[in-house]
Amino acid sequence: MNELDQYYRELGLEPGASLEEVNQAYKDLAFIWHPDRIPKDNARLVSKAQDKLKQINEARDRLRSTPKNPYPSDRPSSGYQTHKSSAGYTYSNPPHPGDRTNAHAQGQWRSHKPHNPDLTGADLRGQDLREKDLSGRNLSHANLSQADLSDGFLHKINLSGANLQGANLFRANLLQANLTYANLQNVNLIGADLSGADLTGADLRGAKIGTKDRLFVKLIGTKLTGAIMPDGRIHE
């Protein structure tokens, strides 16, 4: 892999992606990895975030300074097949977070910032969705139990009634997400941002949200009416 290829991969893009895609990928990753999102008392994670931010800054700057695109415009893209089941769409062989593919109802993927297909009831149990941009997607009543959504960009995602039992939402961006009546039992929410999210009626029993003395989840403006809290009490 040559140097340019490595910079594209660093931003989760295929070689030859457009400048617009480079800029958008950088913005998404910079938001996810900004050190200010990490608890200050966790020096290891703060250092990791700082190093990651330096890497994506270097990748963006290098690709912006490239005089011209050395790759053909008809570069191939990878994807995976889907099939319809009684629960919705079941996905096999999901792409690496860097793939420029995106789950369309027919299994077609077109760009880094894809369309928003309706994935109501999708079966994504145990899937590796780390660092994926699923912002604005409709995944209501989807099965995401045991799925890895760590560092995911889930801004305004619709997960109403979804099953996220045991899922990993470490450092996930869930700003203004719809999680009404979602099953969030035993999920890992450490470092997650739930500012402005709606968790009305959600089941959070056993969820990891911090230590006994400190909360490691952002809950600014979060709606928790009727939610079952990690300790089993119902929020009023």
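The values are calculated or read from the model by the stated rules, or taken from the named source; none is laboratory data. Computed from a predicted structure; not experimentally measured. Quick reminder, even Gly has a Cβ in these numbers, built from the backbone with ideal geometry, and neighbours come from all protein chains shown. Protein only, heavy atoms only, side chains kept; ligands, DNA and RNA dropped before computing areas. Shrake-Rupley method; radii C 1.70, N 1.55, O 1.52, S 1.80 Å.
Which order do the peptides 49-59, 20-30, 139-149 take when ranked by the mean count of other beta-carbon atoms within 10 Å per residue, highest first? Spell out each step's value before the answer.
Working: 49-59: 15.7, 20-30: 18.4, 139-149: 22.5.
Highest-to-lowest ranking by the protection proxy: 139-149, 20-30, 49-59.
Ignoring ligands, DNA and RNA, what percent of the 1.4 Å accessible area of the stretch 1-68 is carbon and sulfur?
Numbers: 1830 of 3800 Å².
With neighbouring chains kept in place, the figure for the stretch 1-68 is 48 percent.
How charged is the neighbourhood of M229? Take every other residue with its Cβ under 11 Å from the Cβ of M229, and add Lys/Arg as +1 and Asp/Glu as -1. Walk me through the numbers before you get to the answer.
Details: positive: R205, R233; negative: D203, D231, E236.
Once all neighbours under 11 Å are counted, the net charge is -1.
Under the 0.36 nm per residue contour assumption, what length would be gained going from the current alpha-carbon distance of R130 and D231 to full extension?
Values: separation 101, 0.36 × 101 = 36.36 nm, distance 2.76 nm.
Gain on stretching R130 to D231: 33.6 nm.
Using the per-residue mean of other Cβ atoms lying within 10 Å as a proxy for protection, in what order, highest first, do the peptides 166-176, 213-223 fall?
On the way: 166-176: 23.6, 213-223: 14.4.
Per-residue mean Cβ counts within 10 Å order the peptides as 166-176, 213-223.
Exceeding 20 Å between C-alpha atoms, which entries from my cross-link table qualify? They are K132/K223; K48/K208; K156/K208; K27/K132; K52/K208. Walk me through the intermediate numbers first.
Values: K132/K223 25 Å; K48/K208 22 Å; K156/K208 22 Å; K27/K132 13 Å; K52/K208 25 Å.
Flagged as over cut-off: K132/K223; K48/K208; K156/K208; K52/K208.
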